[in-house]
């Protein structure tokens, strides 16, 4: 039974995005960082993969270490501000820059007078410092990504946080529970009714195998998952995800109004908003039910 004065609080839709290959066509390090270090991206990643294999190490830790090593060897300044400056050069798929405002307005129109909101999140294995410097950083309620630890001079000395394929799921639960401070534990029990954003209020956007754990968690909990691919490239891997039941649908990464992705996501949002509105109505029923 609803207690007097208690309000319905699960009225938020969360759109959660991977970054590289999902919003941006290339790995973010290709924009400024690796060219500034004087190394071809293909050579850098080949070396990272070789060292990961020979050292039996975590690839994210290897690539972050190698970036620091290259900067030291070539005496290239690579501080937090430098990462942010490189982030400003990141390019995006068509329509990304105005996508967020358009989606916010669309949901607002669907909701009518109901208080239903949209929040956008990033969960990425890329660098938080670069994402914070990009054109769209202000659109996100929170950005979860790999981070460096810096010395007093501002030079990166060690990875402070890595977000791998599987650890991405932790951040989905942070969004679900409303515990966005990474210093706070999410392991304590929280009843489903008290969680800030139910999983079936979520849409996860990814581009491939690295997103499978997150897609699986969201789909298993009644949420929605979408895969995107570059124009005329990568549809096969998305089809495999669809056939495996990891996603609802896949589209070319075209975020412009009227694109296939735009239409299908809006159809998905209609379902989510209608479901929230119904829950609101049920929540507000008097204790004895309908008259």
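Take peptides 198-210, 96-108 and line them up by average Cβ neighbours within 10 Å, highest first, as a rough protection proxy.
So the order, starting with the most tightly packed, is 198-210, 96-108.
Can you list, bin by bin at 10 Å, the percent of alpha carbon pairs in the range 4-67, starting at 0?
17, 34, 22, 10, 10, 6, 1
Based on the Cα coordinates of the range 187-291, what is the per residue volume of their convex hull in Å³?
For the range 187-291, the hull spanned by Cα atoms encloses 133 Å³ per residue.
With each pseudo-label sitting 7 Å past Cα toward Cβ, what's the residue 73-residue 115 distance in nm, one decimal?
5.7 nm
Would you please classify the overall shape of the range 100-182 from the alpha carbon gyration tensor, given that a ≥ b ≥ c denote the square roots of the eigenvalues, rounded means a/c under 1.5, and beyond that prolate means a/b larger than b/c while oblate covers the rest?
Because a/c hits 1.5 or more and a/b exceeds b/c, the range 100-182 counts as prolate.
Using Cα atoms only, what is the angle between the long axis of helix 59-73 and the major principal axis of the chain, expressed in degrees (0 to 90) to the nearest 10?
The angle comes out near 40 degrees.
Calculate how steeply helix 96-111 sits against the longest principal axis of the alpha-carbon atoms of the chain, using the helix alpha-carbon long axis, and give the answer as 0 to 90 degrees to the nearest 10.
Approximately 10 degrees, to the nearest 10.
What FRET efficiency comes out for the pair residue 165/residue 230, r = Cβ-Cβ distance, R0 = 30 Å, nearest 0.05?
0.90
Students often get this wrong: which residues of the range 191-211 have the backbone nitrogen under 14 Å from the point 7 angstrom along Cα-to-C-beta of residue 9?
Once the point is set 7 Å along Cα→Cβ of residue 9, 191-198 turn out to lie under 14 Å by backbone N, inside the range 191-211.
Taking the 0 to 90 degree range and rounding to the nearest ten, how far is the long axis of helix 41-55 tilted relative to the main principal axis of the chain, both from C-alpha atoms?
In the chain, helix 41-55 runs at an angle near 90 degrees to the longest axis.
Sum -39500 (n - 2.57) across every DSSP H segment of at least 4 residues in the chain, then divide by the residue count to get the 222 nm mean residue ellipticity, nearest 500.
-12500 deg cm²/dmol
Can you figure out the FRET efficiency of residue 185 with residue 266, using R₀ = 45 Å and their beta-carbon distance, to the nearest 0.05?
That gives a FRET efficiency of 0.80.
Here, each number is a calculation from the coordinates, and none is a lab measurement. Please read all numbers here as calculations on a predicted model, not as lab measurements. All Cβ positions, glycine included, derive from the backbone under ideal geometry; neighbour counts span all protein chains shown.
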